[in-house]
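What follows is a short report on a single structure.
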Amino acid sequence: MNSNTYSTKGFFSQYGGKYVAEVLSRPLDELEAAFKEAMQDKSFLHELEIIRRDYIGRETPLYFAPTATRLLGGAQIYIKLEGLANTGAHKINNAIGQCLLAKRMGKKRIIAETGAGQHGLATAAACAKLGLDCTIYMGEVDVRRQQPNVAAMELYGAKVRAVTSGSRTLKDAVNEAMRDWAANPDSTHYVSGSALGPAPFPDIVREFQSVIGREVKKQAAERGIKIGAMVACVGGGSNSIGFFEPFINEKEPRLIGAEAGGIGPNAGENASRMTGNAARDGILHGYKSRFLLDEDGQALPTRSISAGLDYCGIGPQLAALGQSGRVEFTSILDKEALEAVSFFAKNEGILFALESAHAGAAAIKIAKEIPSDQAIIINMSGRGDKDVFITSPVFRPQKWLDFLHAEIERLEGGKDIHDANVMGF
Ligand SMILES: *Cc1c(COP(=O)(O)O)cnc(C)c1O
């Protein structure tokens, strides 16, 4: 446990804290105590280690990208392939860690919120693996937009609750999950999906994701790689803070966070909490940080082609590290992220998730600033198979439309639905 990166009473400089209703104070205190105990317990850490190895598939490779290195003409380009983790992204690192902790605390029921569905999917898988009851709150609008992930969550045995309040998206799902937790604190653990929310969640999520950074440090040392810069995309901040963690208290390398620049710099056009001109300090969802808020402190609409990067807030530790200058932030346009997906797919045979492609695009931009005897390491937080419903209409719109029409015809023909009935589903 790397105590020097932990919060002080839940705060990172002026950000963080625990701004919650009275009823959530006790479950949060109990969680903090149980977490600290578990991290000192050799048998808990051993069990987590075995699950990481055999179920998640760790360690994930650190891949040297020769063609990208040659074409970009500067730093050596390396890619940390988190997308090879079981379920396709880094989110499983946190979901497994928190579910194992909940089990140790004697909880039988897990709840979580999800927006795009990636955190819900990882949590549902972790619950299936560990034999826990799982309920996922998801805005009704997102349920409709993200059917492939809803289908997967249900296959893992989770109940997906469509939230019909407010704008029927992520923030309403967070509120609903919080209400459930407040009503059932003894039986239930609430799994936060990113390194944000009230203390102790930012510390817990960073700890479970820091396995990424520790592996990178070891892999680079073993292979004599001199790291000039590390680049990660930043939604709530879990993959980036976990990737950066072992390097935060060192002067080098440069640590760079790539935010969603959407279609432009103005309010409503992006989700840039550190670099955007609509960003300000605020308190929302139980913590103090940088948010995209209106004059009344209400969440502003955000925009990004990548569903995992469009939350209106950023984890408090990253907000503090941005302010101190240890982490640099840049924003990447939708168009640049799409170009990066295409660049790494064609030249390296690696399909980035749209989120992760923001980190890839940032690396493309700075490659020439770093000398050729040093490396840029890109965290590929997830793989891009899940994005085919978004990338295909952009890269090959007519063929995709033809496919969808053909699918509807096939299903309306009724054969598959008839087969399902015959098989008793
Ligand atoms: C959810 C998600 C992100 C953004 O979340 P962070 O907490 O900032 O890591 C990034 N990449 C992928 C693949 C995701 O699923």
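The values are calculated or read from the model by the stated rules, or taken from the named source; none is laboratory data. Every value quoted in this text rests on a predicted model; they were computed, and no experiment measured them. Positions of Cβ are backbone-derived with ideal geometry, glycine not excepted, and every protein chain shown enters the neighbour counts. Each accessible area value is taken on the protein alone, full model and side chains, heavy atoms only, with ligands, DNA and RNA left out. Shrake-Rupley method; radii C 1.70, N 1.55, O 1.52, S 1.80 Å.
Projecting label points 7 angstrom from Cα along Cα→Cβ for residue 416 and residue 50 puts them 3.9 nm apart. Taking amide H as placed 1.01 Å from N in the peptide plane, the amide H of residue 59 sits under 5 Å from none that are at least 5 places away or on another chain. A Förster radius of 30 Å combined with the Cβ-Cβ distance from residue 9 to residue 281 puts the calculated FRET efficiency at roughly 0.95.
In sequence order, the range 52-65 has phi-based couplings of 4, 6, 8, 9, 6, x, 8, 7, 7, x, 9, 9, 7, 9 Hz under the Karplus curve 6.51 cos²θ - 1.76 cosθ + 1.60, θ = phi - 60°, and Gly or Pro positions carry x.
When a/c is below 1.5 the answer is rounded, else prolate if a/b is larger than b/c, else oblate, so apply that to the range 161-313 with a ≥ b ≥ c taken from the square roots of the Cα gyration tensor eigenvalues. Oblate is the answer for the range 161-313, as a/c is 1.5 or above yet b/c matches or exceeds a/b.
For the range 212-238 and the range 97-172, what is the separation of their C-alpha centers, rounded to whole Å? Their Cα centres are 29 Å away from one another. Electrostatic bookkeeping for residue 92 treats Lys and Arg as +1 and Asp and Glu as -1; over the other residues with beta carbon under 12 Å from its beta carbon, the sum is +3. With the whole protein complex present, residue 403 retains an accessible surface near 90 Å², based on a 1.4 Å probe. Phi-derived couplings, Karplus 6.51 cos²θ - 1.76 cosθ + 1.60 at θ = phi - 60°, listed residue by residue for the range 232-243: 9, 7, 10, x, x, x, 6, 5, 5, 5, x, 5 Hz, with x used for Gly and Pro. For the chain, 99, 233, 312 stand unpaired, since no other cysteine beta carbon lies under 4.7 Å from theirs.
Using a 1.4 Å probe over the heavy atoms of the protein chains, calculate the carbon and sulfur portion of the accessible area of the chain as a whole percent. The computed percentage sits at 53.
Rolling a 1.4 Å probe across all protein chains gives residue 247 an accessible area of roughly 10 Å². Please identify which residues in the range 183-211 have an amide N closer than 13 Å to a label point set 7 Å out from the Cα of residue 165, following the Cα→Cβ vector. Only 183 fall inside the zone, counting backbone N under 13 Å.
A simple spin-label model places pseudo-atoms 7 Å from Cα toward Cβ; at residue 388 and residue 423 they are separated by 1.8 nm. Take the Cβ-Cβ distance between residue 346 and residue 179 as r, set R0 to 51 Å, and report the resulting FRET efficiency rounded to the nearest 0.05. The pair residue 346/residue 179 has a calculated efficiency of 0.65.
Amide H to amide H distances under 5 Å link residue 11 with 17, where only residues 5 or more positions off or on other chains count and H is placed in the peptide plane.
Charges were assigned to the Cβ only: +1 to each Lys and Arg, -1 to each Asp and Glu. The resulting dipole of the range 1-127 about its Cα centre is roughly 120 debye. Taking square-rooted eigenvalues a ≥ b ≥ c of the alpha carbon gyration tensor, is the chain rounded, prolate or oblate, where a/c under 1.5 means rounded and, failing that, a/b exceeding b/c means prolate? Rounded is the answer for the chain, as its axis ratio a/c remains below 1.5.
Close amide H pairs (under 5 Å, H built 1.01 Å from N) link residue 374 with 76, residues at least 5 positions away or on another chain.
In a reduced charge model with +1 at each Lys and Arg Cβ and -1 at each Asp and Glu Cβ, the chain shows a dipole moment near 720 debye about its Cα centre.
Exposed loop sites were defined as trypsin sites (Lys or Arg not before Pro) in DSSP loop states (anything but H, G, I, E or B) carrying at most 14 other C-beta atoms within 10 Å; in the chain the longest segment without such a site runs 252-425.
Backbone phi angles across the range 68-79, fed through the Karplus curve with coefficients 6.51, -1.76 and 1.60 (θ = phi - 60°), yield HN-Hα couplings of 4, 4, 5, 5, 7, x, x, 4, 6, 9, 10, 10 Hz in residue order; Gly and Pro are listed as x.
Projecting the Cα atoms of 183, 14, 43 onto the charge dipole of the chain (Cβ charges, centred on the Cα centre) puts 43 farthest toward the positive pole. Solvent exposure of the chain, expressed per residue, is 42 Å² of accessible area, with all protein chains present and a 1.4 angstrom probe.
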